[in-house]
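A short worksheet on the structure shown next.
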Ligand code: GLU
């Protein structure tokens, strides 16, 4: 049997991290078995549908490299892949199930149903359809259908017994039929509800393995009843553990507690490989216990039996830790620079020399955890940076050193790190002061901040021209009295978050 899987997101709101998580597991499972991975858009909820949201799902999956084999974008043999374009298919199949006795027409009006619900609430009865139309005489139902009376189609759930299914991860999952409601499968406006459309599509698209989140387990007995009604083969089901908020009760991941938008992570400069690697560790582990692995490794080793069901926690600190490792070690410098470029450009930063960019990225990687953080070190790319409060203080205290260093740097033959280091050491010794006394004003002059890479690296990357220009600018500022200026309240609070100045 050749494996066919799918993800079936609904295009509402932001593209969700859960889609990436479920997408990843479907993707590696499919690749491992040489199968086909389908993207279907479940857009039958027209009130919540958004075309923009659909486009963002496509873009997010492309960003992550979870490319489907068939999708609304690419097409394929089993299209259309948008449920709103398949309404005739659902209708035709739904009436087949009426003939087979799995569904029945319900002629109850909205008002009648509202009254019924109000009454159930008043009597503190369980809510749900009371079955009035289930018991219509077949002739009457047929006559009303033939007369074109508005109606929905409901599931005729068995009243006794059990509906069970085998979950690949959980074993036999059992449901008492008495708990299954006669839910609407086809609405009176001709739109299917989730269950009907989902089952018809999975069958017609040849899906062999339904791998989805745990929250759909309670829908599955309804799906089983539909499969049985049609007389169709039931696919394999694997309900993956839900991602959890990092709170005490490990509640289901939710946007109130955590950013669940894939776009937000991309915009924060999380790299796709790191996010996938992080998600790959959610409930799954490599046989050798290694936490860092690429999607190819995961595919090679993937086995459903290695999924553990304890709720995996979406821990942002861990995600950043993974991201930092990708930026610092696992991606090449050129690759990181290429990915950082759009972040720098959108912050309005420019450079003419690609080698300079590579040098900057290289010395910054130990100091950033996300691609967006590169742009915080804007002083590499502009000469008009401001001086923060600490920098002003350091400048004020360092005028003499800066004047001397301006001469020393002008004289220095080579700007490699060692030569800079030797010169600075000699100079500091000659002054009989601590390193910091000299280096802090220098750092302030070169960057305007106190959190920057080490001085030798910094000087060497900036190069003579920039270093001299910046020292000159700082000295002018000092003489113009700038360091005495009261920093604005805004600056003050911005500086509170400063990391303590690195002892150079
Ligand atoms: N449309 C459902 C969702 O939004 C699909 C669930 C399933 O995979 O069956 O996740």
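Throughout, read-outs are computed from the coordinates displayed, never taken from laboratory work. From a predicted model like this one, the values you see are computed outputs, not experimental measurements. Reconstructed Cβ throughout: ideal geometry from the backbone, glycine too, with neighbour counts over all protein chains shown.
On a 0 to 90 degree scale, rounded to 10, what angle separates helix 17-32 from the longest Cα axis of the chain? Orientation of helix 17-32: about 80 degrees from the principal axis. Need the C-alpha centroid separation for the range 28-72 versus the range 6-20, integer Å. The range 28-72 and the range 6-20 have Cα centres spaced 8 Å from each other. With contacts taken as Cα pairs under 8 Å and at least 6 residues apart, the range 1-128 reaches a relative contact order of 22 percent. Of interest is the spacing of the C-alpha centroids, which for the range 341-372 and the range 190-260 amounts to 43 Å.
Ordered by the number of other Cβ atoms lying within 10 Å of each residue's own Cβ, fewest first, 423, 298, 435 fall into the sequence 435, 423, 298. Between 0 and 90 degrees, the angle of helix 354-364 with respect to the longest Cα principal axis of the chain falls at about 80 degrees.
Remark: the residue 285-residue 230 segment gains 16.0 nm on full extension, using 0.36 nm per residue and subtracting the alpha carbon distance.
Relative to the first principal axis of the alpha-carbon coordinates of the chain, what is the inclination of helix 455-479, with its axis defined by its Cα atoms, in degrees from 0 to 90 and to the nearest 10? The angle comes out at about 70 degrees.
Both radii come from the Cα set of the range 192-296: Rg as radius of gyration, Rh as Kirkwood radius; their ratio Rg/Rh reads 1.05.
Our helix-only sum for the chain, with -39,500 (n - 2.57) per DSSP H run of n ≥ 4 divided by its residues, gives a mean residue ellipticity at 222 nm of -14000 deg cm²/dmol. Segment residue 334..residue 73, full-extension length gain: 90.9 nm, with 0.36 nm per residue of separation and the alpha-carbon distance subtracted. Once you reduce the range 75-122 and the range 284-312 to the center of their Cα atoms, the two points are 39 Å from each other.
Taking label positions 7 Å along the Cα-Cβ direction at both residue 140 and residue 437, the computed distance is 10.2 nm, reported to one decimal. Relative contact order, whole percent, for the chain stands at 12, derived from Cα pairs under 8 Å and 6 or more residues apart.
If you plug the beta carbon distance of residue 296 and residue 346 into 1/(1 + (r/R0)^6) with R0 = 41 Å, you get a FRET efficiency near 0.85. Taking every DSSP beta bridge that has both ends in the chain, the antiparallel portion is near 55%.
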